[in-house]
Every structure is written in structure tokens, then in C-alpha cells.
Amino acid sequence: MPLKTHSNAASLPASPLGPLFALLGFGIYSTHDVIVKYLGETFSVFQIMFFSGMFSFPLIMGMLMRDRTPGTLRAVHPWWSMLRMVTVVAGTASAFYAFTVLPLAQTYTMLFAAPILITILSIPLLGERVGLHRGLAVALGLMGVIVVLRPGAEPVSLGHLAGVFAAFGIALSSVIMRKIGRDERSAVLMLYPMLANLVIMGLALPFVYQPMELAELALTGVIAAMAFVAALLIIAAYRLAEAAVVAPMQYSQILWATVYGVVLFSETPDAWTLVGAALIIVSGLYIVFRETRRNVSSNRPVSRARTRMESVTSPNDTDAHTPIKSNK
């Protein structure tokens, strides 16, 4: 059966299960990222993505086989679908690489910039009108990114660039999903990036392959299973509670990152990362708050974006991106 959700978050009844499911989902994603970081110490991102994508294939196909929506696998918007496909694969690879070479907290801080970039991209792509309040929030968030990167004071590494590009990839794929999600079948939106991942990473695999023990191969399957379960939990969270309550739960990942970083990788976030994270999180929270105010946003691109779900191993909720009616 197709994935369905309510078209207007404001009509949802209050339920504590919504934010709880979101917290659990983002906690699973954080554990997923720890495994990526652990495997990335030995294996190439291309190899990790190939095998995790391969293990996710039967999970996604099992869900899609229940989709009785009539139609074909031809995209209604082929160019947008192709751009989203490339963005999802490249963004996921960039995020995986950033996790392998940067401290967890620093990587999450850069990924948290995605809502800021979604707001910016929604102006030309969705026709969103961003007023002074959200404009100032965007400026504050961008300032937070600069605080974390400290260009000129500290060398900006390839890992930092990968983290920023991953945030851009999350934002662009989310905005494209918002633009075409109501027209495209969920099969098209999920299969295109997944197949592209297998083909691209499969072509790169002979050049980077390192033999894996059975336990290491199994961990790539765990990555796929965790991404699948976490995405379903977040879909359920948005069905059970308002987007304004669920969306901020993604920032709980900075707590997981700090704990996992200290305990498993001897990482302690520096003061600059914490200050930058605070600015970015405040910016993101205020953007969500403003979007949910009456007559402020007709699209709600940030509050209804399932940012962590735009990957090659996760299902997504296409109906969550249907435009919301506004009195504007």
C-alpha cells in the first residue's frame, strides 16, 4: 500500500508517541553513523555504500511490492528525478566520508545546516517568500557554519567540504522532493537513487575493494536495517504529531554524537564547535517555529522535511511533501 500521511499537520491530535518515535529514530540513525565511522577506518565509503545499499534492496522492495498505486517506473518529472537521484547518492557519500574523517559532533553540526539551506533553496525552487524573521535566522545559521569551519584560522579539510556538501545535498533533495513528491510514485523516488547507488558504487568497487570479514560485512547489513527502521519510525512520528513538534527532535543527535564520540572515539567537542552548533540549532528551531505560524509559509519546506531520510538506504514518505493550503 502507498505511504500516506495527513496533508495538514495542524489537524493532527497531540500524541507523545510522535516525538518519542522521532527521538528513537534519530537515536538509531546516530548509532548507524557510528558504524559508518567504525567501518570507514578500514574500508572505502564506496565499498560501505555498495554493500549497505545491496542489503537495503530487499527491504525497500518488500515495502514497494505492497504499493498498489497504478503507474509505471517512468518519472513524471525525469530531469528533477535525475537531479535528485544524483544529489542523494553524492550527498550520502559526502556524509559517510565526513563521518569517517571528522569528529561526530562536528559532522552533525554541519549537517544541521540543512534546514538553513532548505530555506534558501525554497525561494527559487518553490517560490517561497522568506521574510525578515526567517532571513535573520538564516544569517544566524550561516554564521554558525563559519564559526565551526573558521576559514583562515584553521585549515578547511576535504572532510569539512564533504560535510558542507552533504548538508547541501540533504537540502536540495528535500526541496526537489517537496516540488515533485505529489506527482511521482514512491517506487520511482526510492528505486532511482538506490539503483544509481548500486551501479555507481559497483563501478568504483574494483578500485577500492578491501576483503571484509563476515562480521564486517554483517555490519553493512546492520547499517541498512538501521536506516530502514529509523526512517519508518520518523514517518510514524510525523503521522502521530505535528511537524513543529517532530522536526526539532533531529537536534537530539548532537547529544548522541557527544556521548558516542567521548566513549568510543575519544572525541571531545571544542568550544568553537559547540558555539557554532548552538547558533545553527537556534536558527533551525526558529525557522521551524516561523513556518508553522499562520500565513507565514505556504510550503513549510523545513518543518515538513524528512532530512535524514533522503538517502540510498531509507524509505521516504512522498505524501509528506504535498504543499499545504495557506490563506496567503
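Matching residues to (1) part of a loop (DSSP other than H, G, I, E, B); (2) modelled with pLDDT under 95; (3) under 18 Å from the mean Cα position of the chain (by Cα):
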{"position": "LEU24", "(1), (2), (3)": "no, no, yes"}
{"position": "TYR38", "(1), (2), (3)": "no, no, no"}
{"position": "MET49", "(1), (2), (3)": "no, no, yes"}
{"position": "MET61", "(1), (2), (3)": "no, yes, no"}
{"position": "ARG68", "(1), (2), (3)": "yes, yes, no"}
Yes/no for LEU195 being touching a Gly at 6+ places or on another chain (Cβ under 6 Å) and in a helix (DSSP H, G or I) = no
message = If the requirement is being surrounded by 19 or more Cβ atoms within 10 Å (Cβ to Cβ), in contact with a helix residue (DSSP H, G or I) (Cβ under 6 Å, 6 or more places away or on another chain) and among the hydroxyl-bearing types (Ser, Thr, Tyr), which of these qualifies: SER186, SER252?
response = SER186
remark   = Cβ pairs under 7 Å, 6+ apart or interchain, first in the stretch 131-152 and closer than 9 Å to LEU279 by Cβ and modelled with pLDDT under 95, second small (Gly, Ala, Ser) and outside any helix (DSSP H, G or I), ordered by first then second residue, are GLY141/ALA113; VAL145/ALA113
note = Of (1) modelled with pLDDT under 85; (2) on the phi > 0 side of the Ramachandran plot, PHE289 satisfies every one except (2)
key: Residue satisfying condition, being among the acidic types (Asp, Glu) and at pLDDT below 90, within set GLU267, GLU242, GLU216   = GLU242
request  = Would you check which residues across the stretch 34-62 are more than 22 Å from TYR260 (Cα to Cα) and of a type in the set (S, T, N, Q) and list them?
outcome  = GLN47, SER56
task = For residues that are in a helix (DSSP H, G or I) and surrounded by 19 or more Cβ atoms within 10 Å (Cβ to Cβ), tally how many sit in the stretch 261-285.
result = 9
key: Residue identified as outside any helix (DSSP H, G or I) and in contact with a helix residue (DSSP H, G or I) (Cβ under 8 Å, 6 or more places away or on another chain) among VAL76, VAL86   = VAL76
request  = Tally the residues that are among the hydrophobic types (A, V, I, L, M, F, W, C) and in contact with a Pro (Cβ under 9 Å, 6 or more places away or on another chain), restricting the search to the stretch 50-95.
outcome  = 8
task = Determine, yes or no, whether ALA166 is part of a helix (DSSP H, G or I) and more than 20 Å from the chain's Cα centre (by Cα).
result = no
query = Somewhere in the stretch 200-214, is a residue charged (D, E, K, R), in contact (Cβ under 8 Å) with a residue 12 or more places away in the chain and either on the phi < 0 side of the Ramachandran plot or not in a helix (DSSP H, G or I) (or both)?
reply = no
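The values are calculated or read from the model by the stated rules, or taken from the named source; none is laboratory data. Predicted, not measured: the structure shown is a model, and the values here were computed from it. Don't worry about glycine lacking a Cβ; one is built from the backbone with ideal geometry, like all the others, and counts go over all protein chains shown.
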